[in-house]
Amino acid sequence: MPVEKRLGQEPDRRHGRPARKRADTYEFWADIGVDVESMSPKAQAVTGVVTGGLILLAAALLIAFTQLWWLIFVFGWAVFPAFGVFARGVAGLVETRSEPPAANAKERELLEALQRRGELTSAEAAMETTLTVNEADKMLEDLAAKGHLDVRVRGGGLFYGLWENGRGELREGS
């Protein structure tokens, strides 16, 4: 996948997208000693909600019980970085839920090839899928060890196939 470089941005090597510039929001969090960029999306969302809630609560208490009503403007501006971290965390959670894990996609691809062909060797699985021979061999061995696949030996080769009736039993005559 080609990595596109835009003016003023370094490419993000993990996702092949341009990296975001370090915004003032992150400088705000770094100034108070919180490394938001290394947090998980769930931690970012919780941090945003808790921080924003505490800021709004402190503002409400100061305004209600003191003559410092003008602090609403100071606290009002401080809520924006908290909201930004919350939004980034929620977006990260949505993104991680919409992308299936790569291991599951490869396993699904291998099982679909087994369903099409009936039985496969590791080399045939590598030709039918995007897996390498080593990856296919390891996945087939793992699935067979867990009892999900039937292993047959013919002509010195191992052939992996799905169980015939779906209950882990071989068909009659095997």
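What is the packing order of peptides 82-89, 113-120, taking the mean over residues of other C-beta atoms within 10 Å and listing the highest first?
So the peptides 82-89, 113-120, ranked by packing, come out 82-89, 113-120.
Using a basic spin-label model with each label point 7 Å from the Cα along Cα→Cβ, how many nm lie between ASP142 and GLU95?
2.6
Per residue Cα convex hull volume for region 102-162, in cubic angstrom?
So the per-residue hull volume is 74 Å³.
ARG154: net charge of surrounding residues, Cβ under 14 Å, Lys/Arg +1, Asp/Glu -1, itself excluded?
It works out to a net charge of -2.
Can you compute the modelled spin-label distance between ALA105 and TRP69, with each label point 7 Å from Cα toward Cβ, in nm?
A separation of 5.7 nm, rounded to one decimal place.
Please give the contour-minus-distance gain from ILE32 to LEU54: 0.36 nm per residue of separation, less the Cα-Cα distance, rounded to one decimal in nm.
Contour length minus the Cα-Cα distance gives 6.4 nm.
Taking amide hydrogens as modeled 1.01 Å from N in the peptide plane, which residues meet the under 5 Å criterion relative to LEU149, leaving out close sequence neighbours?
For LEU149, the qualifying residues are ALA144.
Taking the simple approach of a point 7 Å from Cα along Cα-to-Cβ for both LEU61 and ALA78, what is their distance in nm?
1.2
For region 35-118, take the alpha-carbon Rg, divide it by the Kirkwood Rh, and send me Rg/Rh.
We get a ratio of 1.40 for region 35-118.
Values quoted throughout were computed directly from the atomic coordinates according to the rules given, and no laboratory measurement underlies them. If you're wondering where the values come from, they're calculated on a predicted model, not measured in any experiment. Here Cβ is always computed from backbone atoms with ideal geometry, including for glycine, and neighbour counts include all displayed protein chains.
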